[in-house]
1. Ordering H652, H508, H211 from largest to smallest accessible area (1.4 angstrom probe), what's the sequence?
2. Given H placed on each backbone N at 1.01 Å, which residues far from V528 in sequence or on other chains put an amide H within less than 5 Å of it?
3. What does the net charge come to around K410 if you take all other residues with beta carbon closer than 9 Å to its beta carbon, with K and R at +1 and D and E at -1?
4. Summing +1 for each Lys or Arg and -1 for each Asp or Glu, what net charge is found among the other residues whose Cβ lies under 11 Å from the Cβ of S581?
5. Got a sec to turn the phi values of the stretch 176-189 into Karplus ³J(HN,Hα) couplings, 6.51 cos²θ - 1.76 cosθ + 1.60 with θ = phi - 60°, whole Hz, x for Gly and Pro?
6. Distance check, please: which entries in K387/K410; K297/K407; K575/K622 exceed 20 angstrom between their Cα atoms?
7. Convert each backbone phi in the stretch 208-218 into a coupling constant with the Karplus relation 6.51 cos²θ - 1.76 cosθ + 1.60 (shift: θ = phi - 60°), then list the ³J(HN,Hα) values in order as whole Hz, x for Gly and Pro.
8. Would you tally the net charge around K661, using a Cβ to Cβ cut-off of less than 10 Å, leaving K661 out, and scoring K and R as +1, D and E as -1?
Amino acid sequence: MSNKHGNLSINSDNIFPIIKKWLYSDHDIFYRELISNGCDAITKLKKLDLIGEYELPADYEPKIQILVNPEDKTLKFIDNGLGMTADEVEEYINQIAFSGATDFLEKYKDKASEEQIIGHFGLGFYSAFMVADAVHIDSLSYQKDAVPVHWECDGGTEFDMKDGSKTTVGTEITLFLNEDCLEFANEYRAKEVIEKYCSFMPTAIYLSKEHAEEEYETIPADEVTEKDKVIETIVEEAKFEEKENEDGTKEQVEVSPRTEKAKIVKRPTALYRKVFQDYKEPLFWIHLNMDYPFNLKGILYFPKINTEYDSIEGTIKLYNNQVFIADNIKEVIPEFLMLLKGVIDCPDLPLNVSRSALQNDGFVKKISDYITKKVADKLSGMCKTDKESYEKYWDDISPFIKFGCLKDEKFCDKMNDYILFKNLDDKYLTLPECLKVENEKPESEDSSSEAENASDNAETSDNTDAPNETEGEKDSRRPVYYVTDTQQQGQYINMFKEQGMDAVILDHNIDTSFITQLERRNEKIRFVRIDADLTDSMKEEVPEEELKEAADTLTETFRKALNNENLKVSVEKLKNPEISSVITLSEEGRRMQDMMKMYGMAGMDSSMFGGDQTLILNANNKLVTYILENKDSEHVPAFCEQLYDLALLSNHPLSPDAMSKFIARSNQIMLLLAK
């Protein structure tokens with residue numbers, strides 16, 4: 001590229017006095033504008049890498065460097081984003097297209113918002129001239145064989161542009177500060193402004209003094225990460241003191257443990273952790289950017305939230321034109337999003353509005369709906385286009401999504417087909433995929449009508465009330481089997497796997513309410529815990545009359561042995577002869593128990609829902625056969641108690657008293673075998 005000298009495409013004689021006149025009261029805003037531009041460039045480069053149009057280096061670390069130099073009176077903003085070619089500099093920097101200074105001033109004479117002036121015309125870069133006598137740009141585009149470009153302007157309407165010398169992809173902007181604004185070359189002042197405006201930027205910001213020696217910090221050795229540059233490891237050995245015991249003996253007692261610390265190159269400004277007092281980095285974030293019908297910008301962070309949902313507390317800070325209003329205003333921020341952390345700036349939100357006025361404001365409701373939609377769009381889009389990352393985050397974000405589905409019907413509708421379920425092979429399936437897999441499994445004749453009546457995909461219902469169903473109607477809904485404890489329910493899981501059946505894992509305390517919500521909104525499915533009943537595929541097909549006599553005898557025997565006249569007993573011929581007994585509890589009874597535990601009423605479950613519990617005995621098992629044929633033996637009561645407890649153990653832990661009896665009985669039975 002040959003050297004080029006020209007005039008900026010402006011219809012007024014000089015734009016810079018206008019910028020300074022309008023923005024002088026907040027002239028530190030240039031920090032926000034230049035850092036934002038760098039973040040945008042980095043985001044665009046990462047997007048190109050994602051879609052395969054560019055390959056980022058393996059060690060790529062997105063970052064923005066800010067170098068202050070009080071001696072040279074300069075300030076540099078350096079990003080490693082996508083950079084610019086000479087043609088792009090011509091388009092984005094040299095051509096400032098608006099009708100002229102007079103019209104510009106006339107149009108905005110009643111608007112004191114610098115955000116509207118700068119943002120409306122994309123003049124963020126030119127805010128640098130509020131504090132600088134001259135500005136230089138050095139940029140190298142990501143494009144193959146791109147030539148670096150150097151651009152400079154001294155604050156007038158003339159510029160010079162020529163080939164540059166930059167060797168790394170990205171952009172470097174150098175501000176030569178005027179005498180009135182040398183404060184911005186002070187490192188502490190720079191940090192103050194960055195924290196004021198850029199506390200929620202999604203890219204790490206490195207602030208340092210140019211040409212200064214490296215600074216160091218000392219941290220515990222176990223907190224060192226791959227990004228840290230370790231200078232040395234400092235070991236402090238444990239310290240001991242001699243202590244005399246009561247019996248006169250002496251011993252060495254440790255008074256301070258051995259520690260290892262690492263001296264590392266000082267880390268960059270960790271703005272996310274500083275603003276939100278959160279040690280963990282966010283999993284990912286969502287950008288909010290809307291111009292119509294209201295102006296709203298912001299960012300929402302997804303922290304790791306795999307703890308119990310009722311103990312999660314996020315912080316979403318609400319601003320009006322950089323003026324802080326409050327944290328977590330419920331009228332603006334949907335309730336379930338309170339689990340997140342972030343910042344939202346809405347210039348159109350009145351500052352003097354009371355909470356009661358906000359509640360009745362349709363405009364505020366639109367803001368809330370927009371934020372919900374953007375979150376749902378981000379999550380569903382990630383599931384559709386980057387399912388691998390979505391799966392990686394799922395265990396951490398699933399409580400948040402499930403809570404959102406319970407609290408917000410529109411969010412639930414949008415997320416219905418993008419909720420993931422981990423199956424017994426640790427694979428993640430959406431609800432439609434769960435049903436598709438179920439359809440592909442071989443089915444017995446008894447269950448074929450169920451398959452014909454069920455839809456391949458979940459259909460969303462607008463009615464959130466559970467329909468009034470007969471038992472027959474309920475049975476026609478396709479079952480999705482689930483597990484709440486993979487260890488406790490191991491026997492049932494093995495039975496499922498033996499028959500080539502699958503189940504999903506639902507082990508969070510929110511899941512009981514969540515699956516009830518899904519059933520209400522998906523008319524063709526029902527969730528069934530794997531120990532709610534035994535499926536036909538696990539049993540041999542035998543006429544009911546064949547087992548009636550055995551069932552009557554065993555019911556009487558077990559009721560007498562367990563001293564429980566209300567015990568429900570069922571006898572089946574299970575395909576696996578090694579299984580002697582299992583306990584089933586109806587799905588309705590199970591959910592009621594879970595709800596009672598959630599509300600601190602767990603002690604009532606065994607007495608209130610015993611009628612829903614059934615002891616199933618396997619007629620193909622030798623021990624059950626022995627009890628049937630020797631019901632009057634003196635050993636049968638102990639065997640009955642043992643089989644019952646074994647079945648309970650596969651369903652839930654025994655009480656301390658029951659466990660003590662089970663252990664004592666086990667010893668007695670082993671002694672019988674030893675004789």
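1. Numbers: H652 70, H508 35, H211 160 Å².
From most accessible down to least: H211, H652, H508.
2. Answer set, sorted by chain and number: V480, Y481, Y482.
3. Values: positive: K373, K414; negative: D369, D408, E409, D413.
The answer is -2.
4. On the way: positive: none; negative: E572, D645.
Surrounding charge for S581 is -2.
5. Result, ordered by residue: 9, 5, 7, 4, 7, 10, 5, 4, 6, 8, 8, 4, 6, 5 Hz.
6. Values: K387/K410 22 Å; K297/K407 24 Å; K575/K622 13 Å.
Those over the limit are K387/K410; K297/K407.
7. So the J values, rounded to whole Hz, are 7, 8, 5, 6, 7, 5, 4, 9, 10, 9, 10.
8. Details: positive: R665; negative: E641, D645, D657.
Overall, the nearby charge balance is -2.
The values are calculated or read from the model by the stated rules, or taken from the named source; none is laboratory data. These numbers were taken from a predicted model, which means no experiment stands behind them. Note that each Cβ is placed from the backbone with ideal geometry, even for glycine, and that neighbours are counted across all protein chains shown. Note: accessible area is taken over every heavy atom of the protein model, side chains too, but ligands, DNA and RNA are not part of it. Shrake-Rupley method; radii C 1.70, N 1.55, O 1.52, S 1.80 Å.
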